[in-house]
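The values are calculated or read from the model by the stated rules, or taken from the named source; none is laboratory data. All values derive from a computational prediction rather than experimental measurement. All Cβ positions, glycine included, derive from the backbone under ideal geometry; neighbour counts span all protein chains shown.
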Amino acid sequence: MGIDDILLHDETIFRNLHAFDSDYIPENFKYRDSQMEALAVCIRPALMGGRPINAVVLGACATGKTTAIRKLFEMVEANSEKVICSYINCQLHTTRFGIFSQIYYKIFGYYPPETGVPFSRIYHDIMHKLSTEDKALIVALDDVNHLFHDRNANRIFYDILRAHEAFDNVRTGIFAILSDIEFRYALDKNVNSVFIPQEVIFQPYNYDEIYNILKDRAKIGFYNGVISDELIEEISDLTFRTGDLRYGINLLRVCGNLAEAEASPRIKKAHLKEAIKDTTYTNFKDTIKNLSKNEKELLKIIRDAKGENQTAGQVYDKFKKKTGLSYSSFNRILEKLEFLRLIDTPFTGKGKRGNARLIIPRFNKGPDR
């Protein structure tokens, strides 16, 4: 098939291309009922005329945090006019003005002027609107650690949470979403005294959950018969190993594109093999890129270990020589690497100080890694 045929061929195996987009919100969102119920409890006081309960939402990437909150916000706004829900991606918006511009847009339907109007006017308009219309505001700050890195978090949290001190009847709350489970946020005491969040934990999906999610996504995204259950099982196994659901969804999309490029009505094993070549190493590199210096150092020590897998104690001795960090810091990093499914740490036999843990890498230990 030539380039013209690829670009102009009007037959497709895709029922819904958007089903494989990173921001797609499935109608049938599974396996996060308990977390959504916990967040609904935080929102409920706002629906009853009170203040919402603040929350910290914790979990590794691709564990459903963003989708759960967006889904919940949709449900709230579809059933009540008493609460305004504003979702903000803090990787894209890190400044005080940027955050409140997004809130302003949510409330008024258009953005405030970027120049010529002081921030105090924009802030006043937002809070005055909430006060006069007796509406609560819940702001979800996704990847909130970026606000701390840029040292804007305290002021933004203060502006949102203490607005009731300057504006009568204003009721506000924050859902702070953290994908970096190792990140330790710290707020000024004036902010911390009103934040006092509930913690909602999103654990990684297990294999059966991943398989069912990918099967549902394939059913939405492809026409019947395009991909077999056997291939979905293989993709699910690969996805479980990486610990990143987005990897599996992306594999489905790439497989579909490869099949279409060959004018094949079905996705074949060869398409999956080619898709794996295109995406596996990129996915691994993206995971490693987002690790801290000390996390990368520990992973390097694990990678460079000779012979048999080592115990946690043996690895810590090397890690301490390199970094000087305490065992508790080492243990936190170890837990994060396991959370990201880069390693396994099974207990085995008795060590010098009790039950010993082996550290087993889940990646290729060769020099290219």
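Every residue in region 18-44 that is more than 23 Å from I138 (Cα to Cα), surrounded by 13 or more Cβ atoms within 10 Å (Cβ to Cβ) and either among the aromatic types (F, W, Y) or within 15 Å of the chain's Cα centre (by Cα) (or both), please.
Passing the criteria: F20, Y31.
Filtering region 76-111 down to residues that are β-branched (V, I, T) and modelled with pLDDT of 95 or more, which residue is nearest to the chain's Cα centre (by Cα)?
The selected residue is I88.
Please find, within region 173-187, the residue that is farthest from M127 (Cα to Cα) out of those that are out of contact with any Lys or Arg (no Cβ under 9 Å at 6 or more places or on another chain) and at pLDDT 90 or above.
Of everything passing the filter in region 173-187, L187 is farthest from M127 (Cα to Cα).
For region 195-232, what are the residues that are aliphatic (A, V, I, L, M) and crowded, with 19+ Cβ neighbours inside 10 Å?
V200, I210, I213, L214, A218, V226, I227, L231, I232 - these are the residues of region 195-232 that are aliphatic (A, V, I, L, M) and crowded, with 19+ Cβ neighbours inside 10 Å.
Tell me yes or no: at least one residue of region 63-78 is under 30 Å from N169 (Cα atoms), β-branched (V, I, T) and assigned to a loop (DSSP other than H, G, I, E, B).
No, region 63-78 contains no residue that is under 30 Å from N169 (Cα atoms), β-branched (V, I, T) and assigned to a loop (DSSP other than H, G, I, E, B).
Against the conditions (1) outside any helix (DSSP H, G or I); (2) more than 21 Å from D188 (Cβ to Cβ); (3) touching a Phe, Trp or Tyr at 6+ places or on another chain (Cβ under 8 Å), where does V139 fall short? Just the number, please.
Here V139 meets the rest and fails (2).
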